[in-house]
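Okay, so here's the structure we're looking at.
The values are calculated or read from the model by the stated rules, or taken from the named source; none is laboratory data. Keep in mind that what you see is a predicted model, and the values were worked out from it rather than measured. So basically every Cβ, Gly included, is an ideal-geometry build from the backbone, and we count neighbours across all protein chains shown.
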Amino acid sequence: MNAKMPELRKQAMSLPLLPGVYIMKDKTNDIIYIGKAKKLKNRVSQYFGSQNGHSVKVRKMVDNVDHFEYIVTDSEFEALVLEASLIKQNMPKYNILLKDDKGYSYIRISGDKFKKIEAVLQKSDDDAEYLGPYTSSYAVKQSVDTANKIFKLYNCNRSFPADFRKQRPCLNYYINNCCGVCTGKISESEYSESFNQALRFLKGDFKSVKAELEDEMNSAAENLEFEKAAKYRDKLQSIEKMKDKQKVIYKNVEHQDVFATAEHDGTVCLAVLRFDGGKLFDSEVFFFDKTDDDDAAFRRNYITSYYNLRSNIPKQITVDGEVEDSELLERWLSEKRGKKCIIYLPKIGEQAQLVNMCRENALEKLAIYKGKSGKTVAVLEELRELLNLENSPDYIESYDISHTAGSDSVAGMVVFKDGRPYKSVYKRFSVKGFTNDDYGSMNEVLERRILEYIKNKDSGEGFGKKPDLILLDGGQGQVNAVLPLIKKYDFDVPVFGMVKDSKHRTRAIAADGGEISINSNRRVFTLVSSIQDEVHRFSIAYHHKKHAKSSVSLSLTKIPGIGEKRAKALLKQFKSLKNIKEASVDELCSVQGISRPAAEAIFNYFREDQNE
């Protein structure tokens with residue numbers, strides 16, 4: 001903890017209740033954070049009070065603060081402008097910094113007789129030819145990919161003609177995305193024709209390329225070269241399909257940027273889609289740690305950072321939630337643009353669809369960043385939001401009780417890690433203290449699990465790992481039965497029940513004080529149903545196994561001299577009643593606690609039974 005905290009708090013409490021900018025500095029006098037405030041005293045003093053509510057990042061920043069400065073402004077708008085200017089000049093390490101580090105992109109043309117076209121981020125000192133620079137790497141990559149597919153140019157790392165017929169053609173050849181230069185069946189002149197058309201296409205000469213292809217197709221057909229004509233026809237059809245895709249122009253989208261975020265496990269992905277004339281011309285993503293700011297303040301900060309280093313400000317900025325100081329931000333953006341700029345939060349319609357598309361893009365990029373699938377991140381985030389959890393439920397434990405009229409009561413514990421069964425850490429419990437009491441049984445099982453965590457928490461594995469969420473197979477009663485344990489042992493894990501309908505299908509999630517419907521959320525419904533079905537299957541399978549052993553044990557106690565203890569010892573060693581029946585007297589004597597007279601009694605009992 002920062003030793004200067006009392007002194008810093010005292011200084012913060014003496015600040016005026018006026019708008020302004022505060023500047024945090026470390027021991028070397030370097031600026032580490034810059035912020036704006038409506039009332040300097042209230043905002044700055046929050047940093048130097050209790051640290052319990054702060055994120056790790058903010059606590060770390062506060063620990064490094066040696067002193068701070070402030071600048072009072074005449075208005076909140078002046079504070080916002082000054083904050084943006086100071087952040088741009090100083091780039092403090094603890095501010096949200098969306099650096100404009102994309103640079104330029106190029107179209108690279110390499111090869112000798114069989115040329116290759118690819119998108120690259122920088123020019124190299126080689127013999128290749130380069131087109132560009134272009135400001136949007138997204139547009140360059142999309143254009144190159146489209147040209148390669150339409151004209152079926154190769155994009156592998158082979159060199160031709162040196163690598164003719166050295167390897168089998170790749171997948172692109174078999175799905176008709178490549179002409180198959182590697183087969184050696186494509187002449188240099190035929191490939192050059194396609195390459196030149198692709199290059200002209202990339203340079204924007206669409207009309208003449210299309211006219212040339214139509215002439216060549218008609219000429220080939222007249223000469224009865226139908227296979228050749230079909231190739232030209234396929235290229236023309238590909239161009240038409242590409243044009244149809246480009247016609248997906250959003251009616252109400254002229255010049256605008258769309259912002260949306262996805263969060264998972266403390267990491268936020270910001271996706272930005274940029275439109276002009278109704279067409280998507282650029283796409284960007286950024287990753288950073290979640291901050292203490294609420295969502296509205298968080299959006300204000302990353303929008304400010306994004307346009308701090310960009311002069312191309314659109315007519316409209318579409319967002320996925322409320323933005324703090326939106327009117328001030330609109331004024332600042334409008335002054336930078338020289339024309340009016342608005343911030344818009346859509347509820348329905350085409351603009352809402354754009355936001356959803358942007359959010360899905362953020363989810364997918366975040367999933368790749370985290371090494372998970374987009375669907376996994378999406379469903380876990382939806383579950384987190386639905387249950388109002390602090391963290392994403394990446395590690396979920398679920399429990400179910402199973403018994404037959406109170407006998408052979410057991411519990412099963414299954415684990416879902418990243419939305420999938422994690423079978424290597426499943427656990428089974430034999431209930432000891434309760435019969436025909438599901439609530440008492442669940443209480444016993446959860447207490448044993450918590451005590452195992454206390455003993456093994458240093459390992460961080462198995463029982464030593466604390467789950468992000470506990471789901472019980474049952475309703476409010478099951479949840480109420482274990483909440484006192486959670487409080488008693490300070491086991492700060494959220495607990496919910498899984499409620500079934502009259503047909504034994506998942507219906508809702510039971511919370512402390514009510515139920516949360518999940519029927520309308522398909523992905524969450526599927527995940528919770530899978531967890532409930534799996535824990536039920538696992539617990540009932542264990543119960544059947546135990547009940548079968550119990551029945552065998554009961555049949556063994558009918559033999560004179562064999563009690564419950566000896567019956568269990570026999571089953572432990574021989575595993576089944578069949579093996580016990582087939583055992584010799586000497587083999588039976590090898591079981592601990594079985595004397596020779598007892599072994600002979602067992603042996604004779606089953607022989608007499610067979611004779612009968």
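So, GLU515, is that one charged (D, E, K, R) and closer than 20 Å to ASP400 by Cα or not? Give the steps one after another, and end with the answer.
Details: charged (D, E, K, R): yes; closer than 20 Å to ASP400 by Cα: yes.
Considered against the rule, which asks whether it is charged (D, E, K, R) and closer than 20 Å to ASP400 by Cα, GLU515 comes out as yes.
Every residue, every condition in (1) over 26 Å from PHE288 (Cα atoms); (2) outside the structural domain of ALA128 (by TED's automatic domain parsing); (3) charged (D, E, K, R); (4) over 32 Å from the mean Cα position of the chain (by Cα), yes or no:
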site: LYS10; (1), (2), (3), (4): yes, yes, yes, yes
site: PRO16; (1), (2), (3), (4): yes, yes, no, yes
site: GLN51; (1), (2), (3), (4): no, yes, no, no
site: LYS57; (1), (2), (3), (4): no, yes, yes, no
site: VAL65; (1), (2), (3), (4): no, yes, no, yes
site: GLU76; (1), (2), (3), (4): yes, yes, yes, yes
site: VAL81; (1), (2), (3), (4): no, yes, no, yes
site: LEU86; (1), (2), (3), (4): no, yes, no, yes
Matching residues, region 219-232, being within 20 Å of LEU153 (Cβ to Cβ) and surrounded by fewer than 17 Cβ atoms within 10 Å (Cβ to Cβ): GLU227, LYS228, ALA230
Single residue of region 125-147 satisfying the filter (over 20 Å from VAL181 (Cβ atoms) and among the aliphatic types (A, V, I, L, M)) that is surrounded by the most Cβ atoms within 10 Å (Cβ to Cβ): VAL140
Failed item in (1) assigned to a loop (DSSP other than H, G, I, E, B); (2) at pLDDT 85 or above; (3) exposed (fewer than 13 other Cβ atoms within 10 Å of the Cβ), with GLN122 passing the rest: (2)
Residue check for LYS340: surrounded by fewer than 18 Cβ atoms within 10 Å (Cβ to Cβ), farther than 15 Å from VAL258 by Cβ and not assigned by TED's automatic domain parsing to the domain that holds PHE259: no
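For region 339-368, enumerate the residues that are of a type outside the set (Gly, Ala, Ser), in a helix (DSSP H, G or I) and out of contact with any strand residue (DSSP E or B) (no Cβ under 6 Å at 6 or more places or on another chain). Before you say what the answer is, go through the steps one by one.
Let us first name the residues in region 339-368 that are of a type outside the set (Gly, Ala, Ser), namely 339-348, 350-351, 353-361, 363-366, 368.
Now narrow it down to the ones that are in a helix (DSSP H, G or I): 350-351, 353-361, 363-366, 368.
Scanning region 339-368 gives GLU350, GLN353, ASN356, MET357, GLU360, GLU364, ILE368.
A quick yes/no check of all residues on (1) at pLDDT below 85; (2) of a type in the set (Lys, Arg):
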position	(1), (2)
ARG233	no, yes
LYS247	yes, yes
ASN252	yes, no
ALA260	no, no
LYS290	yes, yes
PHE298	no, no
THR304	no, no
TYR307	no, no
Residue list for region 281-317, restricted to those being part of a loop (DSSP other than H, G, I, E, B) and either in contact with a Lys or Arg (Cβ under 7 Å, 6 or more places away or on another chain) or over 23 Å from TYR47 (Cα atoms) (or both): THR291, LEU309, ARG310, SER311, ASN312, ILE313, PRO314, LYS315
Test: residue in region 485-493 that is out of contact with any His (no Cβ under 7 Å at 6 or more places or on another chain), at pLDDT 90 or above, in a helix (DSSP H, G or I) and under 25 Å from ASP418 (Cα atoms): yes
Residues (β-branched (Val, Ile, Thr) and in contact with a helix residue (DSSP H, G or I) (Cβ under 6 Å, 6 or more places away or on another chain)) located in region 262-285: VAL285
Conditions (1) in contact (Cβ under 8 Å) with a residue 40 or more places away in the chain; (2) surrounded by 21 or more Cβ atoms within 10 Å (Cβ to Cβ): number failed by VAL495: (1)
Criterion violated by ILE109 - all others in (1) part of a strand (DSSP E or B); (2) of a type in the set (Val, Ile, Thr); (3) touching a Gly at 6+ places or on another chain (Cβ under 9 Å) satisfied: (3)
Region 568-592, residues that are surrounded by 11 or more Cβ atoms within 10 Å (Cβ to Cβ), at pLDDT 85 or above and in a loop (DSSP other than H, G, I, E, B): ALA583, SER590, VAL591
Residue among ARG523, ARG507 that is assigned by TED's automatic domain parsing to the domain that holds ARG420, closer than 19 Å to ILE396 by Cβ, among the basic types (Lys, Arg) and not in a helix (DSSP H, G or I): ARG507
Candidates LYS500, LYS455, filtered to the one that is closer than 30 Å to ALA378 by Cβ and over 23 Å from the mean Cα position of the chain (by Cα): LYS500
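Does VAL535 satisfy the condition of being β-branched (Val, Ile, Thr) and touching a Ser or Thr at 6+ places or on another chain (Cβ under 8 Å)?
Values: β-branched (Val, Ile, Thr): yes; touching a Ser or Thr at 6+ places or on another chain (Cβ under 8 Å): yes.
For VAL535, the condition - β-branched (Val, Ile, Thr) and touching a Ser or Thr at 6+ places or on another chain (Cβ under 8 Å) - is met.
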Single match in MET442, MET498 (criterion: in a helix (DSSP H, G or I) and modelled with pLDDT of 90 or more): MET442
